[in-house]
Amino acid sequence: MNASKKPNAPVKQQSSAKQMVPVAPEVRGTAPKKRKRLAKAFSRPLDKTLRSGQVVREKFSLPKDEYARLVELKERLSDDGLAVKKSELIRAGLMLLAALEDDDLKGIVAKVSAVASA
């Protein structure tokens with residue numbers, strides 16, 4: 001008996017085929033060009049450094065009927081296949097108000113009654 005061989009030693013299998021190791025293609029220099037091209041194609045920022053402003057959290061009060069109208073608008077858009085948040089509806093309303101002439105804006109704001117905070 002040959003004393004140099006161990007009975008439980010793992011046997012190495014020699015393979016004539018080379019093991020395939022994935023190699024990443026050279027991407028140096030191509031990523032910034034692609035990023036610039038995507039930034040031109042899409043209006044949304046690609047990363048946090050391109051964002052223009054920070055989000056501000058604000059708490060405010062609404063009368064129940066106006067809140068119900070906000071929920072109703074949200075459901076209408078949801079039925080049409082566009083899921084929106086209440087904050088997005090408020091921001092859309094601000095965009096519409098900002099586009100008004102001064103006289104029209106004053107007329108609309110005059111119709112809104114002040115709400116006492118709870």
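Values in this text are rule-based calculations from the coordinates and carry no lab data. Small disclaimer: the values here were computed from a predicted structure and weren't measured. No Cβ is skipped: glycine too gets one built from the backbone with ideal geometry, and neighbour counts run over all protein chains shown.
Extending 7 Å from the Cα toward the beta-carbon at both I108 and V56 defines two label points whose distance is 1.9 nm.
Dipole of region 64-111, Cα-centred, from +1 at each Lys and Arg C-beta and -1 at each Asp and Glu C-beta, to the nearest 20 debye?
Details: 9 positive and 11 negative charges, 55 e Å.
Result for region 64-111 is approximately 260 debye, rounded to the nearest 20.
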